[in-house]
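Everything below concerns the one structure shown next.
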Amino acid sequence: MINMSNIKSMVNYYRRASFFTSASKPSQFPENEMLEVGFAGRSNAGKSSAINTLCDQKSLARTSKTPGRTQLINFFPLDEQRCLVDLPGYGYAKVPEKIRREWQKLMESYLGEREQLRGLVIIMDIRHPLKDYDWQMLEWCEHKNTPAHIVLTKADKLKKGAASKQLLGVRRELEDENFDVSVQIFSALKKSGLPELQKVLDGWFGLQML
């Protein structure tokens, strides 16, 4: 039976997100046992906008017209048990090589050692999905048995038919490479795809109410 009081308390649950801390090195990761879901993606794929839309906040995650500005791992607790984690954008060619190496080391430390990580949302621009770094993230998730969910952002940039075609194409490529990964279309501008993303996160966080 559905607990109606629980449903009422979980309405707009992700609006509770607030900034807690940023980490530029592993020693700065929060020392707690909160369940975490990470958000990763190429620079300028719309990761920050997706997080802000999910949490119904305009500036929770920093957005910038200059790709590669997010150089830290940012932690946004939802309550005392669950946390969203914004990972540095990857794959932007104009970022200096030294910074790219530092980001890679930071990402490897987080992804490889963070035991409370329950899943990874991989953000991709629907017009440019499944680039080399995206495949690397998927391979890492498979290697670590970490659930992954692909969010194809900026769907408003395409007509509905074209967006659906891209979605089917991504699913076909994943099947061809034997990746069992869920995929969805999303638009921060139109707030489409939000319930589907929330449902995935609810599952990872153990928030099902049935």
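The values are calculated or read from the model by the stated rules, or taken from the named source; none is laboratory data. Just so we're clear, the structure is a prediction, and the values are computed from it rather than from any experiment. As a convention, Cβ positions derive from the backbone with ideal geometry for all residues, glycine included, and neighbour counts pool all protein chains shown.
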(message) Let me confirm something: among Val95, Val85, which residue is at pLDDT 80 or above and surrounded by 16 or more Cβ atoms within 10 Å (Cβ to Cβ)?
(response) Val85
(message) Pull out all pairs, ordered by first then second residue, where Cβ-Cβ is under 9 Å, the residues are six or more apart or on different chains, the first lies in segment 106-135 and is in contact (Cβ under 8 Å) with a residue 60 or more places away in the chain, and the second is part of a strand (DSSP E or B) and surrounded by fewer than 18 Cβ atoms within 10 Å (Cβ to Cβ).
(response) Leu106/Ala23; Tyr110/Ala23; Gln116/Leu35; Leu117/Leu35; Arg118/Leu35
(request) Select from segment 157-186 the residues that are of a type in the set (A, V, I, L, M, F, W, C) and either without any contact (Cβ under 8 Å) to a residue 40 or more places away in the chain or in a helix (DSSP H, G or I) (or both) and write down the one among them that is surrounded by the fewest Cβ atoms within 10 Å (Cβ to Cβ). (result) Leu168
(request) Could you tell me whether any residue of segment 111-134 is surrounded by fewer than 18 Cβ atoms within 10 Å (Cβ to Cβ), in contact with a Ser or Thr (Cβ under 9 Å, 6 or more places away or on another chain) and part of a loop (DSSP other than H, G, I, E, B)? (result) no
(request) Taking Lys105 as meeting all but one of (1) over 23 Å from Ser49 (Cα atoms); (2) assigned to a loop (DSSP other than H, G, I, E, B); (3) more than 17 Å from the chain's Cα centre (by Cα), write down the number of the exception. (result) (2)
